[in-house]
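Remarks on the structure that follows.
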Amino acid sequence: MSEAGPWHWIPPITAGAATQMAIDRWMLQQLLAGGPPLLRLYRWSAPSLSLGRHQQRWPAHWRGAAVELVRRPSGGRAVLHAGELTYALVLRPEQRDRAAVYRHCCHWLQEALALAGEPLQFGEASPAAAAQRSSCFATATAADLVSASGTKRIGSAQLWHRGALLQHGSLLLDPPVPLWQELFEADPPPLAPLAWSADQLEQQLRQAAEQHLCGGALIAQPLSPAEWEAVRALEPLGQV
């Protein structure tokens with residue numbers, strides 16, 4: 001599915017919204033410059049709403065809510081980053097069938113969640129139906145992973161550029177009910193708690209990625225001071 005060569009792993013980073021989206025953009029730049037495929041897991045230092053790159057309308061009260069607003073480089077609807085874990089990966093897929101690439105890039109997530117006792121399958125809602133909702137988790141498309149009851153657990157989105165792919169997504173864990181209701185005027189998806197601690201979840205996800213996505217052990221690549229400087233330069237691209 002992707003080019004040969006070892007994948008690199010950026011250790012988990014907790015940071016603000018602009019920084020997280022800048023790192024994802026930086027990852028794609030590194031791949032386009034000839035770097036290796038990359039994978040990371042991360043958390044947000046404050047509740048944040050990431051808007052899809054083409055999302056031009058959203059409720060006015062979001063501006064006054066206790067969340068950071070940021071623009072994602074990928075498409076889709078708004079995602080509340082609170083009580084969740086986010087992943088991002090970059091690679092050069094050998095094929096351009098979007099559905100097949102989503103299946104490939106989400107297989108490791110399915111394998112990991114199955115070990116936690118929650119097998120997931122892809123949703124069925126059309127992109128047109130999803131576009132009518134302000135929240136990404138209000139409906140599930142063929143790019144999203146849902147439980148047997150149809151409850152959406154993982155929402156993913158992509159950005160393609162010059163044959164390279166950035167895919168990132170949100171794994172819901174325990175979304176804050178009052179904030180979710182304030183933003184989306186609805187309850188969050190009813191989710192059963194996973195059987196792992198936060199550290200165990202990250203460990204299981206990394207192991208699943210090594211076995212079902214990366215074809216071998218991930219090589220740790222913490223960001224260097226120069227790389228952090230490059231990331232900071234990309235932060236304005238996420239301004240809303």
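The values are calculated or read from the model by the stated rules, or taken from the named source; none is laboratory data. Values in this document were obtained by computation on a predicted structure and should not be read as measured data. Positions of Cβ are generated from backbone atoms using ideal geometry, with glycine treated the same way; all protein chains shown enter the neighbour counts. Note: accessible area is taken over every heavy atom of the protein model, side chains too, but ligands, DNA and RNA are not part of it. Shrake-Rupley method; radii C 1.70, N 1.55, O 1.52, S 1.80 Å.
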Problem set entry | Filtered residue count, the stretch 163-178, keeping only those that are in a loop (DSSP other than H, G, I, E, B) and crowded, with 21+ Cβ neighbours inside 10 Å | 0
Exercise. Before we move on, is Gly35 small (Gly, Ala, Ser), at positive phi and out of contact with any strand residue (DSSP E or B) (no Cβ under 7 Å at 6 or more places or on another chain)?
Worked result: no
For this session: Taking the options Arg57, Arg96, Arg92, Arg71, name whichever one is basic (Lys, Arg), touching a Phe, Trp or Tyr at 6+ places or on another chain (Cβ under 9 Å) and open to solvent by 10 Å² or more (accessible area, probe 1.4 Å).
Result: Arg96
Exercise. If you check Gln200 against the conditions, is it polar (S, T, N, Q), within 16 Å of Leu41 (Cβ to Cβ) and buried (at least 17 other Cβ atoms within 10 Å of the Cβ)?
Worked result: no
Exercise. If you check every pair at least six apart or on different chains, which have Cβ atoms under 8 Å apart with a residue in the stretch 116-145 that is open to solvent by less than 20 Å² (accessible area, probe 1.4 Å) first and a residue that is of a type in the set (Asp, Glu) and at pLDDT 85 or above second?
Worked result: Gly123/Asp144
For this session: With the condition kept exactly as written, say whether any residue in the stretch 3-26 is touching a Lys or Arg at 6+ places or on another chain (Cβ under 6 Å), farther than 16 Å from Leu166 by Cβ and part of a strand (DSSP E or B).
Result: yes
For this session: Just one of (1) in contact with a Leu (Cβ under 9 Å, 6 or more places away or on another chain); (2) among the aromatic types (Phe, Trp, Tyr); (3) modelled with pLDDT of 95 or more trips up Trp44, so point out which.
Result: (1)
Problem set entry | Search result, residues across the stretch 199-240 that are polar (S, T, N, Q) and touching a strand residue (DSSP E or B) at 6+ places or on another chain (Cβ under 9 Å) | Gln221, Gln239
